[in-house]
Amino acid sequence: MGETKDLLGLAPYGEAVNTLAKGAVVGAGAFLGRICLPVATELGLFFQDKVRVWRGANAIAIAQKAESMFELNAAPGSHAHPRLVAAVLENGSWNDDPVVQGMWAGLLASSCTADGREEDNLLFITSLQQLTGTEVRLLNHACANAQKTCLASGLIWPIPLFCSPAEIQRIVGISDFHRLDRELDHLRALGLLQGGISTYATLGPEEGIEITPTALALNMYVRSQGSRKSPVEFFQVHTSTNPSDGAA
């Protein structure tokens with residue numbers, strides 16, 4: 001236990017660390033040491049030199065959430081590539097939004113594999129670090145609620161999803177449609193969403209706004225839940241009998 005007590009390098013902050021639960025610090029350090037000891041050791045120096053307690057607290061919150069997902073989804077002995085663990089904690093520790101932290105935690109947990117050499121979550125890490133909390137909430141809703149089908153190729157395909165302006169406002173907690181339009185455009189530019197606010201939309205209470213997630217977004221969502229299942233398996237989607245489904 002002595003080697004994992006301060007893997008996050010918070011000891012130099014003295015009494016400030018009392019704002020964090022001591023057990024949480026030890027537990028987070030132990031978990032990071034279990035899945036990737038080299039990164040945990042390196043982070044000790046990183047946190048001592050460059051990160052204040054605020055970022056340390058965010059990293060601990062992510063590690064705690066990730067540990068729960070890890071226990072549910074990963075095989076015993078699974079571990080993660082140092083590059084991915086470092087990227088998740090470096091980028092995720094800048095965010096104190098619990099919903100966004102949950103996404104980071106899922107990517108950390110789903111980075112763990114039997115040989116610890118898989119790096120495919122890097123593309124999702126790169127996407128997540130560019131998203132706002134508003135975009136994360138909208139994307140999570142779209143991925144969870146869009147109907148899906150399985151193409152003959154075995155790949156998942158989302159069915160178009162529309163929401164009223166009022167419903168989108170409720171989901172993301174904002175009423176500024178200029179901001180919403182920008183963030184929908186950004187999600188589309190990242191290849192995570194189809195649709196957006198139509199050029200001809202009146203934005204009346206019954207106007208439908210398309211927020212269809214892409215197949216890439218569905219894959220990202222599954223990994224952010226801590227799972228390495230295919231989207232078809234995760235969402236329990238059946239193969240479509242309509243050959244036109246998913247046609248470009």
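Here region 109-145 is the region considered, the condition is being hydroxyl-bearing (Ser, Thr, Tyr) and part of a loop (DSSP other than H, G, I, E, B), and the residue that is surrounded by the most Cβ atoms within 10 Å (Cβ to Cβ) is Ser111. Restricted to helices (runs of 4 or more DSSP H) entirely inside region 1-108, those with at least 1 residues that are within 30 Å of Glu233 (Cβ to Cβ) and modelled with pLDDT of 95 or more are 53-73, 82-92. Scanning region 98-123 for residues that are of a type in the set (D, E, K, R) and within 20 Å of Ala217 (Cα to Cα) gives Glu118, Glu119, Asp120. Each residue in region 96-126 was checked for being of a type in the set (S, T, N, Q) and in contact with a helix residue (DSSP H, G or I) (Cβ under 6 Å, 6 or more places away or on another chain), and 4 pass.
The values are calculated or read from the model by the stated rules, or taken from the named source; none is laboratory data. These numbers were taken from a predicted model, which means no experiment stands behind them. Every residue, glycine as well, gets a Cβ built from its backbone with ideal geometry; the counts of neighbours run over all protein chains shown.
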